[in-house]
1. Could you list the chymotrypsin sites (Phe, Trp or Tyr not before Pro) in the chain that lie in coil according to DSSP, counting only those with at most 16 other Cβ atoms within 10 Å of their Cβ?
2. As a test question: what accessible area, to the nearest 10 Å², does residue 5 have when a 1.4 Å probe is rolled over all protein chains in place?
3. If you roll a 1.4 Å probe over segment 7-88 with all protein chains in place, what percent of the accessible area is carbon or sulfur?
4. Can you tell me which of 21, 73, 52 moves the most in a GNM of the chain? Springs connect C-alpha atoms under 10 Å apart.
5. Note down the nm distance, to one decimal, between modelled labels 7 Å out along Cα→Cβ at residue 20 and at residue 41.
6. Only helices at least 27 Å long along their axis, Cα-based, and averaging 0.0 or more on Kyte-Doolittle count here, so list those DSSP H runs from the chain.
7. So how long is each side of the chain along the principal axes, counting just the alpha-carbon atoms, biggest first, in Å?
8. Leaving out ligands and nucleic acids, and using a 1.4 Å probe, what accessible area per residue does the chain come to in Å²?
Amino acid sequence: MQIQEKLLISNVNQLYIDYSKKFILPNTTVAINLAQIKSIDSAGLALLINLKSLAKQRACNLSYYAASTEVSKFCQLYSIDLSTTETK
């Protein structure tokens with residue numbers, strides 16, 4: 001599965017609703033491709049962290065891969081490791 005282009009405050013609420021209902025299901029494995037994300041803000045980063053937290057609650061194995069340069073830089077700025085979703 002792939003998130004397209006933007007993870008900004010203007011679209012994260014709908015993305016959270018969509019992903020939490022359709023993909024973050026109990027006892028499943030989900031991998032999300034972040035390669036196409038061109039823009040991200042703190043709300044977008046919070047979305048990725050909240051989806052990871054929800055997945056843990058639902059015993060869903062959620063992983064992110066192929067983070068774009070934009071996502072990687074933003075995560076470094078906030079000392080976030082999306083593979084574990086913990087601060088460094």
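The values are calculated or read from the model by the stated rules, or taken from the named source; none is laboratory data. Remember, it's a predicted structure, so these values are computed and weren't measured experimentally. All Cβ positions, even for glycine, are placed from backbone atoms using ideal geometry, and neighbour counts span all protein chains on display. To get the accessible areas, we keep the full protein, side chains included, count just its heavy atoms, and leave off ligands, DNA and RNA. Shrake-Rupley method; radii C 1.70, N 1.55, O 1.52, S 1.80 Å.
1. Numbers: sites: 16, 19, 23, 64, 65, 74, 78; in loops: 23, 78.
Sites meeting the loop and neighbour criteria: 23, 78.
2. Counting only protein heavy atoms, residue 5 exposes about 90 Å² to solvent.
3. Numbers: 2460 of 4780 Å².
Percent of accessible area from carbon and sulfur atoms in segment 7-88: 51.
4. Looking only at 21, 73, 52, the largest GNM fluctuation is found for 21.
5. Here the modelled spin labels are 2.0 nm apart.
6. Values: long enough: none.
Membrane-span-like by this criterion, though nothing is claimed about a membrane: none.
7. That gives 32, 28, 19 Å along the principal axes, largest extent first.
8. Working: 5240 Å² over 88 residues.
With the other protein chains kept in place, the chain gives 60 Å² per residue.
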